[in-house]
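Asker: The structure under discussion is supplied below as structure tokens; questions concerning it will follow.
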Amino acid sequence: MSMHGAKKRPIDHIRDGAFVMNVGDAADASPVMEFVPLGERILIVKERSLWEVALADQIDPDRTNAAIPHSQQRILARGTSDPLVGRILLQAKRLLDPDALPSTCDPVAGLHASLAFLHELATLQTEADDFRRLTEDLGREFSVTALRREGFSVPAIGNVNARGKAFVQSADHAVRNLWQLVCAFDRGLPEEVSWPKLKRRLEEGDDKAKELARMADQFSPGFTLLRKTRNAVEHPKPGQKVVFQDYRLKADGRVYAPTITVVEQDAPLSETDIGDYHTWVIGFLVDAFEAWLVNLCALHVAPSGGFETVVIKLEPEMRRYPAVAFSYGSWIGDQLVPHCE
């Protein structure tokens, strides 16, 4: 019986019927590799892209227009072959399993936060890659044209301040998404990012939680630098600012690549090559995401089938995707048996 009445209308037959959809486009005709359920949202991961499928009932829940089709939309030009997708979204899907975590956790909220984090990291990585290619091209051009009778011709990025500010803001957004992932394990945490608050709550727990509290200290300097840099970019004041510098010729006769300097009492950063800064920020954020995801799942995981369950790191030959390194395993007797994907 249709939810819209005892007698099915033509639109009900259409909506309730089976359908086939080829997901993808000419840029990625690879097979579907993964489905990621996000509540009412359906994500499909291919080798080189990530798609969202919207069913007609999601668009037209009252079934008023029979012409509304099911639809698909590419939301990221990165897929299972991309390490960021593996270490973030696919790893989150593997561990944020409702059957492995207690009801006090919210795996769907964690997956939403992971997807949002992936979007920000993809933005950061794209900027880092574009910046690297641009500096490489300018470097080659400079090596050919620099020596002129009238003096040096110093290369220029041109919009180094705008690009630098956007990168810093995206990194801060990523930290907020990571915080939402953490909150999916502890609903007593505040909405605003507060790593000290998380540490205090962990210190109130058992020995495993106290050990995780110590991990918070390891990441604290990095989070502080990112937050202070964002504050200095958006609200500069005396003694607190971020300076982005383009290529420049110095008194030693050398031309130096673009740099970032953070003037800040609590979290200063001396003049640093922007390319190196990009590499550090992306590496730090992905490492932090993976560490918190893995360790929070390990802290909260429930027994499976009466057997003790733990988070394990898979050997490379056991991984379906090279970047998805962690899974659940259960102790059966004296053997640790990995859960099958």
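Asker: When you check Ala66 against the structure, is it over 25 Å from Val310 (Cα atoms) and in contact (Cβ under 8 Å) with a residue 40 or more places away in the chain, yes or no?
Answerer: Values: over 25 Å from Val310 (Cα atoms): yes; in contact (Cβ under 8 Å) with a residue 40 or more places away in the chain: yes.
Yes: the conditions hold for Ala66.
Asker: Restricting the first residue to segment 272-289 and requiring it to be under 19 Å from Ala216 (Cβ atoms) and free of Cβ contacts under 8 Å to residues at least 12 places away in the same chain, which pairs with a second residue that is among the hydrophobic types (A, V, I, L, M, F, W, C) and not in a strand (DSSP E or B) meet a Cβ separation below 9 Å and a spacing of at least six or different chains?
Answerer: Pairs that qualify, where the first residue is under 19 Å from Ala216 (Cβ atoms) and free of Cβ contacts under 8 Å to residues at least 12 places away in the same chain and the partner is among the hydrophobic types (A, V, I, L, M, F, W, C) and not in a strand (DSSP E or B), are Asp287/Phe219.
Asker: Let me ask something else. Can you give me the ranges of the strands (runs of 3 or more DSSP E) entirely in segment 168-273 with at least 2 residues that are among the polar types (S, T, N, Q)?
Answerer: Numbers: elements: 241-245, 259-263, 269-273.
Filter on segment 168-273 gives 259-263, 269-273.
Asker: Would you point out which residue out of Thr309, Thr259, Thr229 is surrounded by 15 or more Cβ atoms within 10 Å (Cβ to Cβ) and at pLDDT below 95?
Answerer: Values: Thr259 fails: at pLDDT below 95; Thr229 fails: at pLDDT below 95.
Every option except Thr309 fails the conditions.
Asker: Mind telling me which of the residues Ser304, Ser270 ends up being over 27 Å from Thr229 (Cβ atoms), over 24 Å from the mean Cα position of the chain (by Cα) and either open to solvent by less than 20 Å² (accessible area, probe 1.4 Å) or of a type in the set (Ser, Thr, Tyr) (or both)? I'd like the intermediate steps shown before the answer.
Answerer: Numbers: Ser270 fails: over 27 Å from Thr229 (Cβ atoms).
Unique residue meeting the criteria: Ser304.
Asker: Look through segment 41-58, keep the residues that are outside any strand (DSSP E or B), touching a strand residue (DSSP E or B) at 6+ places or on another chain (Cβ under 9 Å) and charged (D, E, K, R), and return whichever of them is most open to solvent (accessible area, probe 1.4 Å).
Answerer: First pass over segment 41-58, keeping only residues outside any strand (DSSP E or B): 47-49, 55-58.
This time we only want the ones that are touching a strand residue (DSSP E or B) at 6+ places or on another chain (Cβ under 9 Å), so: 47-49, 55-56, 58.
Right, trim to charged (D, E, K, R) and you get 47-48.
Numbers: Glu47: 66, Arg48: 113 Å².
The residue in question is Arg48.
Asker: Shifting gears a bit: Please state which of the following conditions Asn295 fails to meet, knowing it meets all the rest: (1) open to solvent by 70 Å² or more (accessible area, probe 1.4 Å); (2) of a type in the set (S, T, N, Q); (3) not in a loop (DSSP other than H, G, I, E, B).
Answerer: Status for Asn295: all satisfied but (1).
Asker: Search segment 291-318 for residues that are without any contact (Cβ under 8 Å) to a residue 12 or more places away in the chain and pair each with any residue that is open to solvent by 40 Å² or more (accessible area, probe 1.4 Å) when their beta-carbon atoms are under 9 Å apart and the residues are at least 6 apart or on different chains.
Answerer: From segment 291-318, the pairs are Pro316/Pro322.
Asker: I would also like to ask the following. Quick one: which of Pro61, Pro69 is open to solvent by 20 Å² or more (accessible area, probe 1.4 Å), touching a helix residue (DSSP H, G or I) at 6+ places or on another chain (Cβ under 7 Å) and assigned to a loop (DSSP other than H, G, I, E, B)? If you could, list the steps in order and put the result at the bottom.
Answerer: On the way: Pro61 fails: touching a helix residue (DSSP H, G or I) at 6+ places or on another chain (Cβ under 7 Å).
Criteria check complete, one pass: Pro69.
Asker: Let me ask another. So how many residues does segment 302-341 have that are in contact with a Lys or Arg (Cβ under 8 Å, 6 or more places away or on another chain) and either among the small types (Gly, Ala, Ser) or more than 22 Å from Arg87 (Cα to Cα) (or both)?
Answerer: Of the residues in segment 302-341, 3 are in contact with a Lys or Arg (Cβ under 8 Å, 6 or more places away or on another chain) and either among the small types (Gly, Ala, Ser) or more than 22 Å from Arg87 (Cα to Cα) (or both).
Asker: Here's another thing I want to ask about it. Among the listed residues Thr104, Thr123, Thr135, which satisfies the condition of being modelled with pLDDT of 95 or more and of a type in the set (Val, Ile, Thr)? I'd like the intermediate steps shown before the answer.
Answerer: On the way: Thr104 fails: modelled with pLDDT of 95 or more; Thr135 fails: modelled with pLDDT of 95 or more.
Testing whether each residue is modelled with pLDDT of 95 or more and of a type in the set (Val, Ile, Thr) leaves just Thr123.
Asker: Say we look at segment 312-327 and pick out the residues that are within 21 Å of the chain's Cα centre (by Cα) and part of a strand (DSSP E or B); which of these is surrounded by the fewest Cβ atoms within 10 Å (Cβ to Cβ)?
Answerer: Lys313
Asker: Determine, yes or no, whether Asp287 is modelled with pLDDT of 95 or more, open to solvent by 30 Å² or more (accessible area, probe 1.4 Å), under 30 Å from Ser81 (Cβ atoms) and in contact with a Pro (Cβ under 9 Å, 6 or more places away or on another chain).
Answerer: On the way: modelled with pLDDT of 95 or more: yes; open to solvent by 30 Å² or more (accessible area, probe 1.4 Å): yes; under 30 Å from Ser81 (Cβ atoms): yes; in contact with a Pro (Cβ under 9 Å, 6 or more places away or on another chain): no.
Here the answer is no, as Asp287 does not meet what is asked.
The values are calculated or read from the model by the stated rules, or taken from the named source; none is laboratory data. The shown structure was predicted, so the numbers you read here are calculated from the model rather than taken from an experiment. Cβ: placed from backbone, ideal geometry, glycine included. Neighbour counts: every protein chain shown. For the accessible areas, the whole protein counts, side chains as well, though only heavy atoms, and no ligand, DNA or RNA atoms are used. Shrake-Rupley method; radii C 1.70, N 1.55, O 1.52, S 1.80 Å.
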